[in-house]
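What follows is a short report on a single structure.
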Amino acid sequence: MTDNITGKIIKGVGGFYYIHLPDNRIFECKAKGVFRNQNIKPTVGDNVLMDIIDEQALIGNIRDILPRENSLIRPMVSNVDQAVIIFALSDPKPNFNLLDRFLIMMDRQDVKTIICFNKSDLVSGEEADKLKRIYEACGYDVIITSTYSRGDLSSGKEDGVDRLQALIKNKTTVFAGPSGVGKSSLLNAINPNANVQTGTISEKIKRGKHTTRHSELIWVGEDTYIMDTPGFSSLFVEEMECEELKEYYGEFVQFQNGCKFIGCVHINEPVCGVKNALSEGKISKLRYDNYKQLYEELKSKKKW
Ligand SMILES: Nc1nc2c(ncn2[C@@H]2O[C@H](COP(=O)(O)OP(=O)(O)OP(=O)(O)O)[C@@H](O)[C@H]2O)c(=O)[nH]1
Ligand SMILES: [Mg+2]
Ligand SMILES: [Zn+2]
């Protein structure tokens, strides 16, 4: 029996945890360590100390959970470095309100988010570039990808999948986004060995046929993991005062000097630097409209 091996939980199903070791073996473990007295539940992403029970059968036991750098609630995962939120430019059409909700949710959990617009083969270059500029102006890294037509070198354009690959190296990254946008396809493009199931969207149920159902970490190279998550179609921004919302719209900040009222929320106040910037086209109407909609929803405490 070998003790105290360090590994990472990549999956948890029915009381079993799957521990990935640096040598790329995966052990099926139960959790019987001392941490159980402290009421800590092992979570995907946890680095753990494992005892090997049966080397041949790849069975072990989790002895201890190493200290967490962070621990997200949605999705439930530990030690995350960053998130990539993926939307399709078309099929399905992007829901920008949902995108903002996700950006806010990750910001509230102190996780850096990169935006990836996939399926660039389905829209014009101008359309993709316009969106890229809008979200870059809000302070986000934006990548345009296609898993269908990669590396159009004739146009001299950098391939988005290559850029994504570079951005995730040596990190643990959560891939999130609506169903059918190509999260699993991108994962396979980055690492063909990942071999994650993907699927065409069924017209009837509007869901991918091989839709991802469990969050799972996938090892894609040394110190590099990606968490593939099931698609979501709605998100609820909880426990926030409507007055707080503006803090999550980073591009507003530089214009707030122009607001007459302290605590201006940029909705109905006269003399507002943000609304002024909006009318001059310095703030995107798309973003402002989503801000306003979320503000009203938070104000009326309506759940969504
Ligand atoms: N046109 C086009 N289609 C793509 C692209 N990437 C993926 N697809 C297709 O989109 C469909 C959905 O892809 P998936 O990778 O399964 O999507 P997903 O985001 O993992 O979906 P869920 O697991 O349901 O959340 C599949 O039919 C893919 O072949 C792309 O760049 N362009
Ligand atoms: Mg998937
Ligand atoms: Zn204002």
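The values are calculated or read from the model by the stated rules, or taken from the named source; none is laboratory data. Source: prediction; values computed, not measured. Please note: Cβ atoms are built from the backbone with ideal geometry, for glycine as well, and neighbour counts cover all protein chains shown.
Some values worked out for this structure:
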| quantity | calculated |
| --- | --- |
| Residues of segment 30-48 satisfying the condition of being within 27 Å of the chain's Cα centre (by Cα) and surrounded by 12 or more Cβ atoms within 10 Å (Cβ to Cβ) | ILE40, PRO42, THR43, VAL44, GLY45, ASP46, ASN47, VAL48 |
| Any hit, segment 160-172, residues being near ligand 1 (Cβ under 6 Å from one of its atoms), in the same structural domain as ASP129 (by TED's automatic domain parsing) and at pLDDT 65 or above | no |
| Single condition MET105 does not satisfy, out of (1) touching a residue at least 40 places away in the same chain (Cβ under 8 Å); (2) outside any strand (DSSP E or B); (3) surrounded by fewer than 19 Cβ atoms within 10 Å (Cβ to Cβ) | (3) |
| All positions within segment 40-86 that are more than 30 Å from ILE115 (Cβ to Cβ) and among the β-branched types (Val, Ile, Thr) | ILE40, VAL48, ILE52, ILE53, ILE59, ILE62, ILE65 |
| Matching entry among VAL271, VAL253, VAL265 (being over 24 Å from GLU136 (Cα atoms) and either modelled with pLDDT of 95 or more or surrounded by fewer than 19 Cβ atoms within 10 Å (Cβ to Cβ) (or both)) | VAL271 |
| Extreme residue, nearest to ligand 3 (Cβ to nearest atom), among residues of segment 102-123 that are of a type outside the set (A, V, I, L, M, F, W, C) and farther than 11 Å from TYR140 by Cβ | ARG108 |
| Output for segment 85-105, where each listed residue is among the β-branched types (Val, Ile, Thr) and touching a strand residue (DSSP E or B) at 6+ places or on another chain (Cβ under 6 Å) | ILE85, ILE86 |
| Restricting segment 274-288 to residues that are part of a helix (DSSP H, G or I) and surrounded by fewer than 14 Cβ atoms within 10 Å (Cβ to Cβ), the residue that is nearest to the chain's Cα centre (by Cα) | LYS285 |
| Candidates PRO42, PRO75, filtered to the one that is over 29 Å from TYR295 (Cα atoms) and either touching a residue at least 60 places away in the same chain (Cβ under 8 Å) or outside any strand (DSSP E or B) (or both) | PRO42 |
| So ARG68, is it of a type in the set (Lys, Arg), crowded, with 18+ Cβ neighbours inside 10 Å, farther than 23 Å from LEU186 by Cα and in contact with a Gly (Cβ under 9 Å, 6 or more places away or on another chain) | no |
| Residues being assigned to a loop (DSSP other than H, G, I, E, B) and buried (at least 20 other Cβ atoms within 10 Å of the Cβ) - total across segment 78-89 | 3 |
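The rows are residues; the columns are (1) over 22 Å from ASP107 (Cβ atoms); (2) in a helix (DSSP H, G or I); (3) away from ligand 2 (no atom under 16 Å from the Cβ); (4) under 20 Å from the mean Cα position of the chain (by Cα).
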residue: SER234; (1), (2), (3), (4): no, no, yes, yes
residue: VAL237; (1), (2), (3), (4): no, no, yes, yes
residue: MET240; (1), (2), (3), (4): no, no, yes, no
residue: GLU251; (1), (2), (3), (4): no, yes, yes, no
residue: PHE255; (1), (2), (3), (4): no, yes, yes, no
residue: LYS260; (1), (2), (3), (4): yes, no, yes, no
residue: VAL265; (1), (2), (3), (4): no, no, yes, no
residue: ASN268; (1), (2), (3), (4): yes, no, yes, no
